[in-house]
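For reference, the structure is listed below as structure tokens.
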Amino acid sequence: MTTTPDSWVNAAEAARLLRISRPTLYAYVSRGFVRSEPSAGTSRARRYARDDIERLRRRAEERRDPNKVAEHAMQWGLPVLESSITLVDRGRLYYRGHDAVDLSRSRSVRDVASLIWTGHFDTNLDATSTSNAAARVNRARRLTPLEFVARAQAMLAAQSLDDAAAYDLRPERVPATGWRILRGLVRLAAHRALASSLAATTDEQLARAWRVKARGVDIVRAALILCADHELNVSAFTARCIASSAANPYAVVIGGLSALAGARHGGMTIRVEAMLASLHRERRPRPALVERVRRGERIDGFGHPLYPDGDPRATALLAMLRSYEAKLPERAFVERMAGLGTDLTGEHPNLDFALGAVSRILGLPRGSGLTLFAIGRTIGWIGQAIEQYATGQIIRPRAKYVGVTPAE
């Protein structure tokens, strides 16, 4: 299609025509609803296709079929809530305007939690724990992934009873509660008392408990940070709905964990780990993968609707794993599976595959991919809750009734 200079508008004009914020405009671009390209000259600014803008504006004004619009918005459709936390734009992930991959290489988990919760890196988060609930819930043996989720929920319910401050839902007070929640989850996952290691960071505590080599701590930290938030995925939306009822942050995280554990969300990491373990036992893994495809089974851990050219979180983690001092055969195996999966599906490894690879190459306990996902994503759930508390609104969509018509 031929375009002229008048066929393009800048970000300010595009946002004005659509009556939306700039972050929402960028979300439209990331989903393919609005085309964009670099502006002429040396500026880093971009310009946006006027015909796409007009098409969306007419759709909004004419309201041809509001029922269909609402239905499609719930499945990778138009944004339904505004948020200033996370942006997916042109194949990259940003937390409050900062590239998440860059943050995973240069910042601590504490820094990123502070950024997501407050907009600043230097917030003085509470470093103490007010409850021994993790010790009461934990047991002598290590937890399976779903046991971790269940016991984490039980631990958080018990910890909330000891934490009266958690009922103060003012946005400036919630981050301290969020940090206590995060430390409780780390304590449960690390399977050790926090009291003796308060100076250690969250990633260091997990790495020590899992006997990860020194160079592996950076990978654990990066995984936690890259899992922190991903706009309105099912667990984040669940967390936001719970927060809208004015439930405390412990209830928010308990609900988020329930959604995350599902096989179509964070539970996919368990399937990836199982798939890798199964293929590792095969003398010829490629025919085994081909047989999966012939049976109509999905090859888990590949493709993402928001990243047609590859999930940047997976790309970053897999690159870090390539430089890790792991046994060469194990690392080569994971790289080979990534290549075979891409060849057979035409899609790139996603975060689920990368977490499975982290767990396997670092020699973590079985199911640790889900544990990393849960602890990292807790940061995002708390951030979503803080935003929702600030609105003072309850999320209450209507249902489209398709049942039996009542008799007159």
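The values are calculated or read from the model by the stated rules, or taken from the named source; none is laboratory data. Keep in mind that what you see is a predicted model, and the values were worked out from it rather than measured. Quick reminder, even Gly has a Cβ in these numbers, built from the backbone with ideal geometry, and neighbours come from all protein chains shown.
Mind listing whichever residues of the stretch 360-408 are in a helix (DSSP H, G or I) and of a type in the set (D, E)? Within the stretch 360-408, just E387 meets the criteria. Scanning the stretch 214-238 for residues that are modelled with pLDDT of 95 or more and among the small types (G, A, S) yields A222, A223, A228, S235, A236. Filter the stretch 11-56 for residues that are of a type in the set (V, I, T) and touching a residue at least 24 places away in the same chain (Cβ under 8 Å) and give the result. Listed by number, the residues that qualify are T24, V29, I53.
Evaluate the stretch 116-139: report whether one residue or more is among the polar types (S, T, N, Q) and modelled with pLDDT of 95 or more. Yes, some residue in the stretch 116-139 is among the polar types (S, T, N, Q) and modelled with pLDDT of 95 or more. Whether a residue is of a type in the set (G, A, S) and surrounded by fewer than 20 Cβ atoms within 10 Å (Cβ to Cβ) was assessed, and G310 passes this test.
If you check R170, R208 for being of a type outside the set (A, V, I, L, M, F, W, C), assigned by TED's automatic domain parsing to the domain that holds R298 and not in a helix (DSSP H, G or I), only one passes: R170.
Here's a check for you: in the stretch 99-113, which residue that is under 21 Å from E387 (Cβ atoms) and aliphatic (A, V, I, L, M) is surrounded by the most Cβ atoms within 10 Å (Cβ to Cβ)? Checked the stretch 99-113; the qualifying residue surrounded by the most Cβ atoms within 10 Å (Cβ to Cβ) is A113. Screening the candidates R96, R192, R211 for the property of being surrounded by 14 or more Cβ atoms within 10 Å (Cβ to Cβ), among the basic types (K, R), at pLDDT 90 or above and out of contact with any Phe, Trp or Tyr (no Cβ under 9 Å at 6 or more places or on another chain) yields one hit, R96. Restricting the stretch 270-285 to residues that are surrounded by 15 or more Cβ atoms within 10 Å (Cβ to Cβ) and under 14 Å from A332 (Cα atoms) leaves a set whose member that is farthest from the chain's Cα centre (by Cα) is P285. Does the stretch 329-349 contain any residue that is closer than 27 Å to G256 by Cβ and not acidic (D, E)? There is at least one residue in the stretch 329-349 that is closer than 27 Å to G256 by Cβ and not acidic (D, E).
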